[in-house]
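These notes concern the structure reproduced below.
Every number here is computed from the coordinates shown, using simple stated rules; none is lab data. Just so it is clear, the structure is predicted and the values come from calculations on it, not from any experiment. Virtual Cβ from ideal backbone geometry, glycine too; neighbours counted across all protein chains shown.
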Amino acid sequence: MFTGLVEETGVVRSVRPFGKGRRLTIEAALVMDDLKIDDSVAVNGCCQTVVARTATTFDVEAIEETLAKTTLGSFSAGRRVNLERAMQLGGRLGGHLVQGHVDCRGTVDSIDELEASHNIWVEFSEQFSRYVIPVGSICIEGISLTVARKDHNRLMVSIIPHTWKETIIGELRVGSEVNLEFDLIGKYVESMMAHGREQQPGLTMERLQAMGYGNS
């Protein structure tokens, strides 16, 4: 579990194929402090398992499912990435609950520079539109952000100068693909409601007859 508060940006040092997967070596500083093999780390919002490490780098392995849903398959040496270690119980939850399980890729539709911020519109698959609400939470490239506006299958976020400078979001351009994770609470609520409807379907003639109505 993560918070969507990026700790630092690292640099991809190598990308090596294994089967249809990719093994990434990432150079970092801050997150290396207590990072161990088998630990989880969010790379641009994708929860990955550390499989090897040196004093200054760690390796993760992105498999077929990850490459299909995220932008990790487009990574090459020299690319900067957002990094966050898994949260610790008892710590402050400064962002929102983020699993690191990317739902889909979105596409940057427009970037508007204002006097004190940047507004970014992102387009995504319409099937996920039901999980987006104005002033709700959204995770973009591993960054916990607030949805400022929504327009069908597009959403807008406003980026403060600190986030623009300290993460890779300032490197995005129109047409850039980004990793999106929608608020997990909405997804759980939807699942529970759907399960409830399956267990207690609406009234039908068959149900009424089964309960004894109309059998006289």
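Points to keep in mind about this one:
- Counting beta carbons within 10 Å around each of CYS139, CYS46 and listing the fewest first gives the order CYS46, CYS139.
- Between 0 and 90 degrees, the angle of helix 184-199 with respect to the longest Cα principal axis of the chain falls at about 20 degrees.
- Alpha-carbon Rg with Dmax, taken over the range 1-133, Å: 15.7, 48
- Count Lys and Arg as plus one, Asp and Glu as minus one, and take only other residues whose Cβ is under 9 Å from that of PHE58; the net charge is then -2.
- More than 16 Å apart - percent of Cα-Cα pairs taken over the range 1-57: 42 percent
- Counting other Cβ atoms within 10 Å as a rough exposure proxy, the listed residues VAL98, VAL174, VAL60 run VAL174, VAL60, VAL98 from fewest neighbours to most.
- For the chain, adding -39500 (n - 2.57) for each run of n ≥ 4 DSSP H residues and dividing by the number of residues yields -4500 deg cm²/dmol at 222 nm.
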